[in-house]
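Written below as structure tokens is the structure these notes are about.
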Amino acid sequence: MTAELIGRARAGDGEAFRELTEPYRRELLTHCYRMLGSFQDAEDAVQDTLVSAWQSLSGFEERASVRTWLYRIATNRCLDMLRAHKRRPAQTTVPGFDPPAPSRIGEVVWLEPYPDDALPEGAIAPPLGPEARYEQREAISLAFVTALQLLPPRQRAVLILREVLGYHATEVAAMLDTTTESVTSALKRARAAVQRVAAQHAAAPAPNSPAERALVARFVRAYEAGDVDALVELLTADVVVSMPPIPLEYHGLADVAAFYTAVFGPGRRYDLVPTRANGQPAFGAYVRTSCGIRRAGGLLVVTLDGDRIAALTRFDNSVLSRFGLPQSLPERC
């Protein structure tokens, strides 16, 4: 069937090309997101990948699978985008909110959440190849994707291709037009930079498990009530609050408590609408008003660690539409 589709596509049959590549679109989107940290950029990269694949189909020699061929194109397109991108300016203010002094300025200022609805089927599943070390759920988590963005682009590509997707070193070398020795060296350096994430993630409860639901319910009650003390009780000692693209970060219970004291005062309260992002619980946050329309206050992604919350990441309103969430909710008196 694949050979027949390739033949028809080479003859100019666009529908055959779509049938050939469509099964891989979602996993390519996830791959490009890991590379770029941006859902919007990942969509652009996948579109460019498919255009390039269509234009270069006559040169596809079928020595590798269609899937591997597409991953090669997509990876190199992402590397091109990373080389071409100018550093995005960090946003330095929070509209309508005067935050306390941060614990530190974060290194990764540009990061977007990934809707669970956009993940390929089976994404929260075992690794895709025998060489992989990371399970797919861990490899889409915000902590892992953040750690990837701190790696040099080539190391990032090698780690994803080898340890997330499970390609052999010789396959990765062919994809990146380099040597096996170079791949092995890059992987060794990349592993050291991200190994902390695996240990943190191992304790997270399974998605939609009773343990996750119970912890999330306690979080929602505390957050909607604006109860800082109850919220702090749910946090790990080394909890981190971040707000990309705003680089301010708050580390530890004291600084996070001060941050949420400012968030919830004076009298500011939120309603939370549940969704999921990066395989984690997430919420659209809406500012409550006195019998008026509730305006969006961003998307909040919650990172769990055992029976505690290890991180809270707030994204701005621009991401809400990707999760099917509105910019406002009807009035609630």
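Computed from the coordinates by the stated procedures, all read-outs in this text should not be read as laboratory data. The shown structure was predicted, so the numbers you read here are calculated from the model rather than taken from an experiment. Note that we place each Cβ from the backbone using ideal geometry, even for glycine, and neighbour counts take in every protein chain shown.
For segment 237-251, what does the Karplus curve 6.51 cos²θ - 1.76 cosθ + 1.60, with θ = phi - 60°, yield as ³J(HN,Hα) per residue in whole Hz, taken in order and with x for Gly and Pro?
With coefficients 6.51, -1.76 and 1.60, one gets 5, 9, 4, 10, 10, 9, 9, x, x, 7, x, 5, 10, 10, 10 Hz.
Tell me the mean residue ellipticity at 222 nm calculated for the chain from its helices only (DSSP H runs of n ≥ 4, each -39500 (n - 2.57), averaged over every residue, nearest 500).
-13500 deg cm²/dmol
Assigning unit charges at the beta carbon (Lys, Arg +1; Asp, Glu -1) and nothing else, what dipole magnitude in debye, to the nearest 20, does segment 210-329 show about its Cα centre?
Once rounded to the nearest 20, the dipole reads 560 debye.
Under the classification rounded if a/c is under 1.5, otherwise prolate if a/b is larger than b/c and oblate if not, where does the chain fall, given a ≥ b ≥ c as square roots of the Cα gyration tensor eigenvalues?
prolate
Starting from the Cα of S318, step 7 Å along the direction of its Cβ; do the same at A84; then give the gap between the two resulting points in nm.
Result for the modelled spin labels: 1.9 nm.
Using Cα atoms only, what is the angle between the long axis of helix 252-263 and the major principal axis of the chain, expressed in degrees (0 to 90) to the nearest 10?
70
Please compute the contact order of the chain in relative form: average sequence separation of alpha-carbon pairs under 8 Å and at least six residues apart, divided by the residue count, as a percent.
Relative CO of the chain lands at 16 percent.
Mind checking which of N317, P247, L272 is farthest towards the positive end of the chain's charge dipole, using Cβ charges of +1 (Lys, Arg) and -1 (Asp, Glu) about the Cα centre?
Checked the options; the winner is P247.
Between R218 and D177, what is the spin-label point distance in nm, taking each point 7 Å from the Cα along the Cα→C-beta axis?
Taking the simple label geometry, R218 and D177 are separated by 5.4 nm.
Quick one: compute the contact order of segment 210-329, relative version, from alpha carbon pairs under 8 angstrom and 6+ residues apart, as a percent.
Relative contact order of segment 210-329: 24 percent.
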